[in-house]
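Have a look at the structure below, then the notes.
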Amino acid sequence: MSENPTTVSHSIALVNGTPYTELPEDLYIPPDALEVFLESFEGPLDLLLYLIRRQNLDILDIPIATITRQYIAYIDAMAGIRMDLAAEYLLMAAILAEIKSRMLLPRTETAEAEEDDPRAELVRRLQEYERFKTAAEELDKLPRCERDVFELGGVDTSTLTVRKVYPQVDLQEVLSAFEDVLRRAERSTHHRILREPLSVRERMSSVLSRLKEKPQLAFPELFNRREGRQGALVSLLAILELCKERFIDIIQEEPLGELYIRVHQAAPA
């Protein structure tokens, strides 16, 4: 037999599946059985700053009457739910009331020119508090040990071997690097009456000889700007031929990074 939906919808609570429509006569709830802790505000300045930010008010021109009413309403709400308020909250309420009364008093033009704005001290304290609060929030965003990162202990990493995987070098990137070499070569090209013949095979041997002295070279280091465009072209053909025959590798440390030439390394089995 199904439960009456009307009874369930008007019940106060369900205990072990049984709906209760009335409170037990002998039910006793102590006044301090429920305690509410609010951690939204860390003090009266924090509450004031929240009220100003929520309404996008200018901190240098605070509508003191509006803020005072909202602040007092918050104090009354906390007292209504029997929350113990720190004395500093009540002190700030007194300060707001004093500032409000001073601003309502009529003042002559002479006194108005000599007397400072009654809100000046409060604005200074709010600005100082806002700076420290913002700095604390920025610091809290930083990675923290035992919260965001954790130390790894008891692991011997000396026996681990890490093989770096280089990105695939596209021919277009090689040509782009070669264009940069040509631009540099054009700036230092000189006219010569006689030009020594250049051989791709000889340049291939020259490249391999240089790689024996230094296992890895930057791409522009294999070009001699004094040889001009013809010498640069011979060097490029020698590099591409050596790469084709698996004598050298053209690598990048990262995508779109600088090109490097090194002796070919066989892939591990």
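For the range 200-220, check the following and say yes or no: at least one residue is modelled with pLDDT under 80 and either out of contact with any Ser or Thr (no Cβ under 6 Å at 6 or more places or on another chain) or not in a strand (DSSP E or B) (or both). Within the range 200-220, none of the residues are modelled with pLDDT under 80 and either out of contact with any Ser or Thr (no Cβ under 6 Å at 6 or more places or on another chain) or not in a strand (DSSP E or B) (or both). Among the residues of the range 47-63, the one identified as among the β-branched types (Val, Ile, Thr) and at pLDDT 85 or above is 52. For first residues located in the range 131-152 and under 24 Å from residue 42 (Cβ atoms) and not assigned by TED's automatic domain parsing to the domain that holds residue 49, partners that are polar (S, T, N, Q) and in a helix (DSSP H, G or I) and lie 6+ apart or on another chain with Cβ distances below 7 Å do not occur. Of all the criteria given as (1) β-branched (Val, Ile, Thr); (2) surrounded by 10 or more Cβ atoms within 10 Å (Cβ to Cβ); (3) at pLDDT below 80, the one not satisfied by residue 123 is (3). On inspection, residue 67 does not qualify as outside any helix (DSSP H, G or I), under 22 Å from residue 132 (Cβ atoms) and modelled with pLDDT of 70 or more.
Going through (1) modelled with pLDDT under 80; (2) surrounded by 12 or more Cβ atoms within 10 Å (Cβ to Cβ) one by one, residue 76 falls short only on (2).
For residue 88, indicate whether it is touching a helix residue (DSSP H, G or I) at 6+ places or on another chain (Cβ under 7 Å), modelled with pLDDT under 80 and not assigned by TED's automatic domain parsing to the domain that holds residue 253. Against the criterion (touching a helix residue (DSSP H, G or I) at 6+ places or on another chain (Cβ under 7 Å), modelled with pLDDT under 80 and not assigned by TED's automatic domain parsing to the domain that holds residue 253), residue 88 qualifies.
With the requirement that a residue be closer than 21 Å to residue 47 by Cα and among the acidic types (Asp, Glu), what does the range 117-130 give you? Break it down stepwise before answering.
Initial filter on the range 117-130 (closer than 21 Å to residue 47 by Cα): 118-130.
Those that are closer than 21 Å to residue 47 by Cα and among the acidic types (Asp, Glu): 121, 128, 130.
So is residue 44 closer than 30 Å to residue 128 by Cα and modelled with pLDDT under 85 or not? Criteria met by residue 44.
Among the residues making up the range 237-257, those that are more than 10 Å from residue 166 (Cβ to Cβ) and modelled with pLDDT of 85 or more are 237, 238, 239, 240, 241, 242, 243, 244, 245, 246, 247, 248.
The values are calculated or read from the model by the stated rules, or taken from the named source; none is laboratory data. Here the structure is a predicted model, which is why all the values come from computation and not from measurement. Don't worry about glycine lacking a Cβ; one is built from the backbone with ideal geometry, like all the others, and counts go over all protein chains shown.
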